[in-house]
Amino acid sequence: MTAVAWPPQQALAVALAETADRAPPFAGVGPLPDRPIRLILAPTRSTFDSVTRGRLPSWSEGAAFPEAGTVVLLSTGPPDRLAAALRHELAHLALRWRIRRMLPLWFEEGYAAVASGEWDRLDALRLNWQLARGVSLDLDALDRALRADRAEAGSAYGLATTAVLLLDRWGGERGLGPLIDNLAREPTFDAALRATYHMTEGDFETRWQRDVARRYGWLSWAGAAGVFWAGMGLVLVWLVRLRRRRDRARRALLDEGWTVSEQDGGGPTA
């Protein structure tokens with residue numbers, strides 16, 4: 001791993017390069033092959049766009065160029081976030097070097113998300129009310145959404161992750177291994193699905209949509225939202241009780257030093 005960075009971020013670049021050298025194996029692919037990789041840290045958005053030649057969406061913060069063995073990261077975030085982004089981009093390299101050709105974008109991005117453990121994308125889906133209404137995408141539309149604006153792309157990345165996780169579950173103990181092996185042998189993605197799961201790409205699309213509806217439909221959304229509102233309710237109950245305790249303490253202070261007149265039997269006197 002060769003790291004390229006501007007002087008203020010040289011130490012960060014070295015730390016990330018060392019992290020990459022110790023990268024654990026990638027699901028279904030294994031460890032990175034023993035070949036050179038160049039990591040470039042771009043300290044500003046303009047530098048990032050210049051290095052990547054403006055070929056990525058404006059919200060993108062990382063890029064992998066498998067043919068050149070290069071990863072580019074926008075290095076304005078916290079180190080732990082950069083380490084996760086680096087793992088994501090290295091997964092792209094590992095997959096492309098194993099398969100040796102481009103795959104559907106939804107699979108490449110979903111695989112990188114799974115390989116880098118980006119489970120927060122699934123948490124966001126659970127509170128996506130549009131998804132709960134049954135708004136579904138086919139795989140071609142999912143590819144387009146991955147390059148849309150930040151909000152739409154965020155949901156698309158989560159959906160791509162669910163698609164790859166479904167394939168992983170079908171692989172049993174070997175996970176994505178059998179599919180990856182067939183992707184390296186077969187000429188198309190559809191042919192690899194047939195060889196691995198005995199279904200066409202269209203069959204997989206239908207089953208994936210059903211799986212998403214079951215996992216992230218109204219019941220899932222209501223459950224996730226219910227947890228949120230239940231938490232808010234507990235906070236409100238605590239605030240009400242706190243307010244009542246304060247009110248009792250204030251009334252007790254006001255009553256101090258006051259006596260009841262025997263003449264009128266009521267009314268406060270001092």
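One residue stands out in segment 202-220 among those that are modelled with pLDDT under 85 and among the aromatic types (F, W, Y): the one that is surrounded by the fewest Cβ atoms within 10 Å (Cβ to Cβ), namely W218.
Among the residues of segment 145-171, just one is exposed (fewer than 14 other Cβ atoms within 10 Å of the Cβ) and either at pLDDT 95 or above or in contact with a strand residue (DSSP E or B) (Cβ under 6 Å, 6 or more places away or on another chain) (or both), namely R169.
For the residues A20, A13, A27, the requirement of being outside the structural domain of S116 (by TED's automatic domain parsing) and either free of Cβ contacts under 8 Å to residues at least 60 places away in the same chain or more than 30 Å from L166 (Cβ to Cβ) (or both) singles out A13. Residues that are in the same structural domain as L142 (by TED's automatic domain parsing), modelled with pLDDT under 60 and either exposed (fewer than 13 other Cβ atoms within 10 Å of the Cβ) or part of a helix (DSSP H, G or I) (or both): does segment 178-191 have at least one? No, segment 178-191 contains no residue that is in the same structural domain as L142 (by TED's automatic domain parsing), modelled with pLDDT under 60 and either exposed (fewer than 13 other Cβ atoms within 10 Å of the Cβ) or part of a helix (DSSP H, G or I) (or both). The set of residues from segment 165-205 being acidic (D, E) and closer than 20 Å to E109 by Cα comprises D168, D181, D190, E201, E205.
If you go through segment 70-121 and pick out every residue that is polar (S, T, N, Q) and closer than 18 Å to P36 by Cβ, you end up with 1. Residue count for segment 105-120, restricted to those that are closer than 19 Å to L142 by Cα and surrounded by 17 or more Cβ atoms within 10 Å (Cβ to Cβ): 11. Considering segment 17-102, there are no qualifying strands (runs of 3 or more DSSP E) wholly inside with 2 or more residues that are touching a strand residue (DSSP E or B) at 6+ places or on another chain (Cβ under 6 Å) and not hydrophobic (A, V, I, L, M, F, W, C). Pairs linking a residue in segment 169-181 that is free of Cβ contacts under 8 Å to residues at least 24 places away in the same chain to a residue that is surrounded by fewer than 16 Cβ atoms within 10 Å (Cβ to Cβ) and not aromatic (F, W, Y), with Cβ atoms under 7 Å and 6 or more positions apart or on different chains, do not occur.
The values are calculated or read from the model by the stated rules, or taken from the named source; none is laboratory data. Keep in mind that what you see is a predicted model, and the values were worked out from it rather than measured. Here the Cβ is made from the backbone with ideal geometry for all residues, glycine too, and neighbour counts use every protein chain on show.
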